[in-house]
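Here is the structure we will look at.
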Amino acid sequence: MTGQEGREAAREAAVARAAAACSSAAAWLASAGVPSEALAQYVPARRKLLVTRKPTMQPLGRVWRIGTLLLAEDGRLFAHGRSTRAAERGRPGYQSLSREERREIAAAALRGGFAEGEPVNFDAVPLGFPPAPAPTDDDPALPVGYADGDFRVRWRAGAPLAGAPPLAAFFNDRLPLLAP
């Protein structure tokens, strides 16, 4: 076995361990009765002929928020993007442009069929551990990267992976904190 083949085999083994950690964490959260949150895709306003359609959210499933990670009920892992609570748009207050944008995003969640007050996560980045390709260690913006033969969780964006806990150890530390 060459050095390259050995590195590829070690990475494949790490992907399998990470996928198993995600599946077992999802099963533990479900059996512990930890409430999940909605995962959605933001669909911006669009024009069709002469009619402008308001922005909305398209449901993608349910997830648990674990720090900067979102874990789907089927074991898929995402980097947390943005979140909101579904709410009525209300009248414009013109306090600030960013506040008006947040109100419109909350109203988009309500138009997407989410109950008022329900937390909705969107703009999440799939991290892999099948079906998407697993992350590499060259993107410091992602919370998970590959280093020292394992997938590790950064404590903040841009932090080095040296000393970061492996994914399974991260779940073992964080999951009991979520139990009701």
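Pop out the carbon and sulfur fraction of the accessible area of region 61-180 as a percent, whole number, probe 1.4 Å. Please report the intermediate quantities before stating the final value.
Details: 3410 of 6350 Å².
Ligands and nucleic acids excluded, carbon and sulfur give 54 percent.
Across region 36-45, rounded Karplus estimates of 3J(HN,Hα) from the backbone phi angles (6.51 cos²θ - 1.76 cosθ + 1.60, θ = phi - 60°) give 9, 10, 7, 10, 9, 10, 6, 10, x, 4 Hz, Gly and Pro being marked x. Close amide H contacts of Gln41 (hydrogens built in the peptide plane, cut-off under 5 Å, sequence separation of 5 or more or a different chain): Gln58, Leu60.
Normalising by the residue count of the chain, find the relative contact order in percent from Cα pairs under 8 Å and 6+ residues apart. RCO, the chain: 22 percent.
Each DSSP beta bridge with both residues in the chain is either parallel or antiparallel, and the antiparallel ones are about 90%. Multiplying the residue separation of Glu118 and Trp155 by 0.36 nm and subtracting their alpha-carbon distance yields 10.6 nm. Note on surface exposure: Tyr42, Tyr146 rank Tyr42, Tyr146 by accessible area, highest first, 1.4 Å probe.
Using just its DSSP H runs of length 4 or more, each adding -39500 (n - 2.57), the chain gives a mean residue ellipticity at 222 nm of -11000 deg cm²/dmol after division by all residues. How many angstrom lie between the C-alpha centres of region 30-84 and region 146-169? Taking the Cα centre of region 146-169 as reference, the centre of region 30-84 is 25 Å away.
Calculated FRET efficiency, Ala141 and Ala162, Cβ-Cβ r, R0 30 Å, to nearest 0.05?
So the FRET efficiency works out to roughly 0.95.
With a Förster radius of 22 Å applied to the beta-carbon distance between Ser23 and Val43, the computed FRET efficiency rounds to 0.15.
FRET efficiency for the pair Glu100 and Leu60, taken as 1/(1 + (r/R0)^6) with r the Cβ-Cβ distance and R0 = 30 Å, rounds to 0.70. Ranked by solvent-accessible area (1.4 Å probe, protein heavy atoms only, all chains present), the residues Val120, Val51 order from largest to smallest as Val51, Val120.
What the chain shows is 57 Å² of accessible area per residue, with the surface traced by a 1.4 Å probe over protein heavy atoms. Taking amide H atoms as placed 1.01 Å from N in the peptide plane, the amide H of Ala124 lies under 5 Å from those of Gly81, Arg82, each 5 or more residues away in sequence or on another chain.
The values are calculated or read from the model by the stated rules, or taken from the named source; none is laboratory data. Here the structure is a predicted model, which means the values were calculated and not measured. Methodologically, a virtual Cβ is constructed for each residue, glycine included, from the backbone with ideal geometry; neighbour enumeration extends over all protein chains shown. Note: accessible area is taken over every heavy atom of the protein model, side chains too, but ligands, DNA and RNA are not part of it. Shrake-Rupley method; radii C 1.70, N 1.55, O 1.52, S 1.80 Å.
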